[in-house]
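Written out below as structure tokens is the structure these notes cover.
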């Protein structure tokens with residue numbers, strides 16, 4: 001028995017010696033050692049950061065390493081530490097590790113997933129193979145970290161959603177985004193608190209999504225993420241959150257728990273127009289802000305009708321479908337309801353062969369601009385329109401003549417720079433009519449094409465003196481006053497003095513008719529003819545009225561006014 005026991009003891013010792021012989025050891029940094037056993041398990045132990053470099057390559061084969069355990073106390077996994085370990089399938093990382101060097105686990109094709117400490121702050125570029133699923137136990141939100149600075153996606157423990165941190169080239173973090181949906185067929189998406197943004201085109205993958213819960217932490221929202229959502233899509237958010245403000249600015253439906261701005265079910269076009277303006281336009285907004293939000297509502301709630309059969313603005317307002325004419329007329333109706341002067345406009349496009357097209361002119365703070373909602377819609381790809389990238393939304397918003405002329409052609413008699421000819425907005429009737437301006441004494445009709453103006457009426461019927469100036473000045477613009485329209489002062493019982501400026505080319509019929517006290521008339525212009533003086537211009541004025549005019553025109557004007565039935569004395573000055 002003693003002999004057998006001795007033999008067994010020798011076998012145990014021999015096995016131990018063989019096992020020890022199967023182990024390979026070495027160092028991989030100051031105070032850091034590594035050991036690879038015969039089963040393919042490589043342990044790294046010590047305190048501090050591992051050195052950069054593939055520390056094992058001179059002593060073992062890459063395919064011998066099958067599992068890795070990093071011991072507590074190690075703070076950094078070195079650059080290239082396990083590059084090329086094709087059989088490596090499992091890695092254990094302790095909480096003490098805060099950084100992973102570049103290419104640390106590159107070309108490790110069997111490493112299907114790897115759990116990282118939730119407080120890790122640095123993962124360098126190309127640290128992992130593309131098929132490695134990184135798992136964190138929680139979202140990392142500390143400022144200044146560089147986790148995934150190269151855009152590597154990761155997952156949360158127990159969550160199949162793919163996340164990604166995005167950064168600028170300088171390493172400044174832009175935000176934490178959702179890269180891919182959990183379930184492309186889901187009707188509801190709930191983003192966790194801590195999220196800051198959504199990856200572009202995220203919802204294009206969500207063909208059935210009708211609502212998304214957006215947390216308060218999500219402040220970096222862009223419309224590019226919401227491309228492809230349906231008309232009935234609703235943003236669920238908290239009142240006063242960045243998500244609510246984003247929804248308002250982009251014309252998207254939302255529910256903040258206290259207020260539901262949901263109108264896809266409205267089928268009456270007029271009601272829809274009023275609903276949009278009521279819910280998205282606020283009194284404190286500037287004209288530009290109002291015009292932009294209504295522009296956004298059109299393009300974010302509409303898609304182009306490739307069948308080229310839907311021209312009615314009613315259809316695009318209610319159904320969200322139409323051609324360029326429907327876009328422009330719908331935008332006009334929204335602006336009209338909001339009290340902003342605009343008109344629809346037509347011309348041709350010029351990226352390829354000329355084709356008929358419709359857009360708008362909009363007056364913002366007294367200045368006219370072009371707006372093309374159709375070409376700002378990122379779902380619109382016909383005609384090779386520039387800047388339609390799927391993210392560009394405001395390229396054709398408030399454009400000047402020269403900017404628009406790069407790919408649009410139109411009647412040269414009309415100009416955004418000079419203004420839409422003879423048109424203005426009447427807030428009472430909510431109609432675009434001829435453009436007028438008020439100087440405190442008279443109302444003028446302005447022609448921005450040739451920079452002329454016409455007096456169309458005086459301030460009130462009791463005005464005792466009216467002077468038609470040589471020029472009318474508006475801001476930095478100067479208009480030649482070339483005429484007086486029909487009946488501008490008719491029946492003014494207080495009027496005594498009238499001066500007609502030197503640029504006036506015509507005076508309309510009944511302009512000063514039935515002004516019994518009108519006694520002193522000065523005509524500075526030399527441009528009047530029998531054809532440009534209307535009937536009964538001075539009928540019913542004071543019996544002793546005197547008309548003063550340039551000495552060179554006395555005889556001509558005396559004859560002219562007598563033919564018009566004017567009994568006043570004509571004298572020169």
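Conditions tested, residue by residue: (1) free of Cβ contacts under 8 Å to residues at least 40 places away in the same chain; (2) touching a helix residue (DSSP H, G or I) at 6+ places or on another chain (Cβ under 6 Å); (3) assigned to a strand (DSSP E or B).
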{"position": "329", "(1), (2), (3)": "yes, yes, no"}
{"position": "332", "(1), (2), (3)": "yes, no, no"}
{"position": "336", "(1), (2), (3)": "no, no, no"}
{"position": "344", "(1), (2), (3)": "yes, yes, yes"}
{"position": "347", "(1), (2), (3)": "no, no, yes"}
{"position": "362", "(1), (2), (3)": "no, yes, yes"}
{"position": "370", "(1), (2), (3)": "no, yes, yes"}
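Could you tell me whether the range 244-262 includes any residue that is part of a loop (DSSP other than H, G, I, E, B), in contact with a helix residue (DSSP H, G or I) (Cβ under 6 Å, 6 or more places away or on another chain), over 25 Å from residue 360 (Cβ atoms) and not assigned by TED's automatic domain parsing to the domain that holds residue 330?
Yes, the range 244-262 has at least one match.
Let me spell it out: the conditions are (1) part of a helix (DSSP H, G or I); (2) surrounded by 15 or more Cβ atoms within 10 Å (Cβ to Cβ); (3) without any contact (Cβ under 8 Å) to a residue 24 or more places away in the chain, and residue 276 meets all of them except one. Which number is the exception?
For residue 276, the failing item is (3).
Answer yes or no as to whether residue 467 is touching a strand residue (DSSP E or B) at 6+ places or on another chain (Cβ under 7 Å), under 17 Å from residue 452 (Cα atoms) and at pLDDT below 95.
When the stated conditions are applied, residue 467 passes them.
I need the full set of residues from the range 11-49 which are in a helix (DSSP H, G or I) and at pLDDT 60 or above, in order please. Can you show your working first?
Here is the first cut: in the range 11-49, the ones in a helix (DSSP H, G or I) are 11-22.
Once the filter is applied, which keeps residues that are in a helix (DSSP H, G or I) and at pLDDT 60 or above, the range 11-49 yields only 22.
Would you check if there is a residue in the range 265-272 being within 20 Å of residue 315 (Cα to Cα), touching a strand residue (DSSP E or B) at 6+ places or on another chain (Cβ under 9 Å), outside the structural domain of residue 326 (by TED's automatic domain parsing) and assigned to a loop (DSSP other than H, G, I, E, B)?
The answer is no, given that none of the residues of the range 265-272 is within 20 Å of residue 315 (Cα to Cα), touching a strand residue (DSSP E or B) at 6+ places or on another chain (Cβ under 9 Å), outside the structural domain of residue 326 (by TED's automatic domain parsing) and assigned to a loop (DSSP other than H, G, I, E, B).
Those residues that are over 17 Å from residue 153 (Cα atoms) and either assigned to a strand (DSSP E or B) or at pLDDT below 80 (or both), I need them from the range 184-201; list them, please. Give the derivation first.
Step one: of the range 184-201, the residues over 17 Å from residue 153 (Cα atoms) are 184-190, 193.
Across the range 184-201, the qualifying residues are 184, 188, 189, 190.
In this structure, does residue 521 turn out to be surrounded by 15 or more Cβ atoms within 10 Å (Cβ to Cβ), in contact (Cβ under 8 Å) with a residue 40 or more places away in the chain and assigned to a strand (DSSP E or B)? Walk me through how you get there before you give the answer.
Numbers: surrounded by 15 or more Cβ atoms within 10 Å (Cβ to Cβ): yes; in contact (Cβ under 8 Å) with a residue 40 or more places away in the chain: yes; assigned to a strand (DSSP E or B): yes.
Spelling it out, residue 521 is indeed surrounded by 15 or more Cβ atoms within 10 Å (Cβ to Cβ), in contact (Cβ under 8 Å) with a residue 40 or more places away in the chain and assigned to a strand (DSSP E or B).
I need the full set of residues from the range 561-573 which are crowded, with 17+ Cβ neighbours inside 10 Å, out of contact with any helix residue (DSSP H, G or I) (no Cβ under 8 Å at 6 or more places or on another chain) and outside any loop (DSSP other than H, G, I, E, B), in order please.
Scanning the range 561-573 gives a single hit, 561.
Of the residues 158, 148, only one is assigned to a loop (DSSP other than H, G, I, E, B) and modelled with pLDDT of 70 or more; which?
After ruling out the rest, the residue left standing is 158.
Yes or no: the range 50-62 includes at least one residue that is in contact with a strand residue (DSSP E or B) (Cβ under 9 Å, 6 or more places away or on another chain), crowded, with 19+ Cβ neighbours inside 10 Å and not in a loop (DSSP other than H, G, I, E, B).
no
Does the range 301-311 contain any residue that is in contact with a strand residue (DSSP E or B) (Cβ under 8 Å, 6 or more places away or on another chain), in a loop (DSSP other than H, G, I, E, B) and buried (at least 24 other Cβ atoms within 10 Å of the Cβ)? Working first, answer last.
Narrowing the range 301-311 to residues in contact with a strand residue (DSSP E or B) (Cβ under 8 Å, 6 or more places away or on another chain): 302-305, 310-311.
So of that shortlist, the ones also in a loop (DSSP other than H, G, I, E, B) come out as 302, 305, 310-311.
The next check asks that each one be buried (at least 24 other Cβ atoms within 10 Å of the Cβ); those that pass are 302.
Checked against the condition, which is being in contact with a strand residue (DSSP E or B) (Cβ under 8 Å, 6 or more places away or on another chain), in a loop (DSSP other than H, G, I, E, B) and buried (at least 24 other Cβ atoms within 10 Å of the Cβ), the range 301-311 yields at least one hit.
For residue 529, state whether it is at pLDDT 90 or above and in a loop (DSSP other than H, G, I, E, B).
Yes, satisfied.
Considering only the range 537-552, state which residues are out of contact with any strand residue (DSSP E or B) (no Cβ under 7 Å at 6 or more places or on another chain) and buried (at least 18 other Cβ atoms within 10 Å of the Cβ).
Matches in the range 537-552: 538, 541.
The values are calculated or read from the model by the stated rules, or taken from the named source; none is laboratory data. Keep in mind the model is a prediction, meaning the values are calculated, not measured. Cβ: placed from backbone, ideal geometry, glycine included. Neighbour counts: every protein chain shown.
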